[in-house]
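Presented below is the structure to which this report refers.
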Amino acid sequence: MQLEQLQSKWSFLNSHKVFVACSGGVDSVVLLVALKSFCPDLEVLHVNYSLRGVESDTDEQFVRELCTALGVTFHVKKVDTPAILKASGGNLQEVARNIRYAFFQEQLSKHAESIVALGQHADDQVETFFQHLARKSGILGMSCMLENHERFVRPLLPFSKNEILAFAKENTIIWREDQSNHANKYTRNRIRNILLPHLSTEIPSLKDSVLTLVNAFQETQKHNSHAAEKVIAGFVENRLWVYADFDGLTEDIRLEVIRFFGGDYTVYASLVKIRDAQKGKWVVCGKYKIYKESIGFSFVISNKEIEFSLKTEYITTLPSVFTKEIIYLDSSKLVGDLKVRVWEQGDRIAPLGMKGSKLISDVLTEAKVFSSDRDTCLVVVDESSVLWCVGFKVSRKAIADTHCQNILKVQIVEK
């Protein structure tokens, strides 16, 4: 591992505020020392999980003193992880990861151009590969960790653990050993301490071969991401993913599209199921609902709640030109107060120019309104009937005519 190599590749970091995640172990301490040599605006983030009693506090103190010696600002988050696990259950590794990334994001949110540097290396990448392999991960999972992704960088990822240890010894760097790394009750530790040493003895080129595969998966994932971006750009404006386009894509690209909208493989599997179901079926995808339509899938923000109100005024004469946005009622024919609401099943209207009445659901069907858009279709009602299916049909029951002396102009406005 050569410091000059790091400086050349990661020189752009010297124009950013860089937060180094430092546990006190050799990897993160080497990263801190290396970046300090060419990053002028550098601070340290340390998480004390309170998992090892005095040892955890000693780690915190070690990193604090190291920062003082280097003239670096130190931030610590101390968490009672055992209490969190006792209260909520869950997997320790997952809980710890959520804690530290919440801490990282908290710091990133304070500085627009800031970046978090993480100390993972090539051996970590190999371990991650086998972890994801055991989970039957797809291309995204087998791509493992990226050197530069969003606001997180991993400058040591090309280097092996042995190279990092050699650098530390050559530069007389002191670090703390986390004894929990030797406890084989965790899957990653069993991969590191048992599986990989055995396989590497039988297959000396194993780690290099795995890293070659990871690079290939990353290139494939990059291609899938670019393909998905083109797909999304094609339908994001009209919110419709037509079946002809959906059917022509590989599963991996479809998955990337779903991930863009906040979903995962489970959402994708549900989407495939409703592909051949009746129109109107839907699945939740992040903050969206994806509806099955006759020609494709439509996307709607499911938590979008817009409130509307009525704007009314009395006028003396009808206009010469009418629009779908305004209606004119004979106020003498109204029963009680007017109000606007989302239509409900069973609502009926007596359309102008027709005999009898029609279900609002039939009005929307005839107008070919997407199932996804029906949730927000509005009606104006008095205490006896529906007077207006907004944008589609007007009732004949209280419509004003040229002989009307009490014309009420009615339109919908967003609150």
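Rule-based calculations on the coordinates, nothing more; no lab input. What you see is a predicted model, and the numbers here were worked out from it, not measured in a lab. Reconstructed Cβ throughout: ideal geometry from the backbone, glycine too, with neighbour counts over all protein chains shown.
For a quick check: with amide H placed at 1.01 Å from N, whose amide H comes under 5 Å from ARG396's, ignoring anything fewer than 5 positions away on the same chain?
Long-range HN contacts for ARG396: ALA350, LEU352.
Working from Cα positions, state the angle (0 to 90°, nearest 10) between the long axis of helix 122-134 and the longest principal axis of the chain.
Between helix and principal axis, roughly 50 degrees.
In the stretch 236-313, which GluC sites (Glu not before Pro) are in a loop and have at most 13 other Cβ atoms within 10 Å, using DSSP for the loop call?
Answer by residue number: GLU237, GLU305, GLU307.
Long-range amide H contacts for CYS285: which residues qualify at under 5 Å (H placed 1.01 Å from N, peptide plane, sequence gap of 5 or more or a different chain)?
Amide H to amide H, under 5 Å and 5 or more residues apart or across chains, CYS285 pairs with ILE290.
I need the fraction of alpha carbon pairs in the chain separated by more than 28 Å, rounded to a whole percent.
Above the 28 Å cut-off, the chain has 65 percent of its Cα pairs.
Please list, in chain and number order, the residues 5+ apart from CYS377 or on another chain whose amide H is under 5 Å from its amide H, with Hs placed from the backbone.
Those lying under 5 Å, H to H, from CYS377 are TRP343.
Taking neighbour Cβ counts within 10 Å as the exposure measure, how do TYR101, TYR314 sort from fewest upward?
In order of increasing Cβ crowding within 10 Å: TYR314, TYR101.
From the C-alpha gyration tensor of the stretch 48-97, pull out the three semi-axes of the equivalent ellipsoid (sqrt of 5λ each), sorted largest to smallest, in whole Å.
So the three semi-axes of the stretch 48-97 are 26, 11, 7 Å.
What is the order of SER209, SER28, SER114, fewest Cβ neighbours within 10 Å to most?
Result, fewest neighbours first: SER209, SER114, SER28.
Highest GNM mean-square fluctuation, the chain, Cα pairs closer than 10 Å: which of ASN171, ASN189, ASN224?
ASN171
On a 0 to 90° scale, report how tilted helix 92-108 is relative to the longest principal axis of the chain, with both axes built from alpha carbons and the result rounded to the nearest 10.
Rounded to the nearest ten degrees, it is 80.
Based on the Kirkwood radius over alpha-carbon pairs, what value in µm²/s does the Stokes-Einstein equation return for the translational diffusion coefficient of the stretch 348-391 at 4 °C and 1.567 mPa s?
Result for D is 117 µm²/s.
Using a 10 Å cut-off around each Cβ, can you sort VAL340, VAL257, VAL321 from fewest to most neighbouring Cβ atoms?
Ranking VAL340, VAL257, VAL321 by Cβ neighbours within 10 Å, fewest first, gives VAL321, VAL340, VAL257.
Which value in nm describes the separation of the simple spin-label points at HIS223 and TYR243, placed 7 Å from the Cα toward the beta carbon?
2.9
Output the pairs from LYS292/LYS355; LYS281/LYS339; LYS368/LYS393; LYS355/LYS393 with a Cα-Cα distance over 24 Å in this structure; if there are none, say none.
LYS292/LYS355; LYS281/LYS339
How big is the Rg/Rh ratio for the stretch 104-219, C-alpha atoms only, Rh by Kirkwood, two decimals?
0.99
To the nearest whole percent, what portion of all C-alpha pairs in the stretch 240-301 is separated by more than 16 angstrom?
Tail of the P(r) past 16 Å holds 36 percent of the pairs.
Tell me what the chain gives for mean residue ellipticity at 222 nm when only DSSP H runs of n ≥ 4 count, each as -39,500 (n - 2.57), the sum divided by the residue total, rounded to 500 deg cm²/dmol.
-11500 deg cm²/dmol
I want to verify a result. In a Gaussian network model of the chain, Cα cutoff 10 Å, which of these has the top mean-square fluctuation: LEU195, LEU13, LEU318?
LEU318
For a test of the definition: using alpha carbon positions, the gyration tensor, and the 1.5 limit on a/c, classify the stretch 239-351 as rounded, prolate or oblate.
Note, shape of the stretch 239-351 comes out prolate.
Output wanted: per-residue J couplings in Hz (rounded whole) for the stretch 65-76, from phi through Karplus 6.51 cos²θ - 1.76 cosθ + 1.60, θ = phi - 60°, x for Gly and Pro.
Result, ordered by residue: 5, 4, 5, 4, 5, 8, x, 10, 5, 10, 10, 10 Hz.
By how many degrees, between 0 and 90 and to the nearest 10, does the Cα long axis of helix 206-235 differ from the longest principal axis of the chain?
Around 20 degrees separate the two axes.
Hey, what's the Cα Rg ratio for the stretch 3-214 versus the globular rule of thumb, 2.2 N^0.38 Å?
That works out to 1.03 for the stretch 3-214.
Which value in nm describes the separation of the simple spin-label points at LEU195 and ALA166, placed 7 Å from the Cα toward the beta carbon?
Those two pseudo-labels are separated by 2.7 nm.
Using a Gaussian network model of the chain whose springs link C-alpha atoms within less than 10 Å, name the residue from LYS273, LYS86, LYS17 with the highest mean-square fluctuation.
LYS86
Count neighbours as other Cβ atoms within 10 Å of each site's Cβ, and list the GluC sites (Glu not before Pro) in the stretch 96-137 that are DSSP loop with at most 12 such neighbours.
Counting only loop positions with at most 12 other Cβ atoms within 10 Å, the GluC sites (Glu not before Pro) in the stretch 96-137 are GLU113.
What spacing in nm lies between the two simple spin-label points modelled at THR212 and THR73, each 7 Å away from Cα in the Cβ direction?
Taking the simple label geometry, THR212 and THR73 are separated by 4.6 nm.
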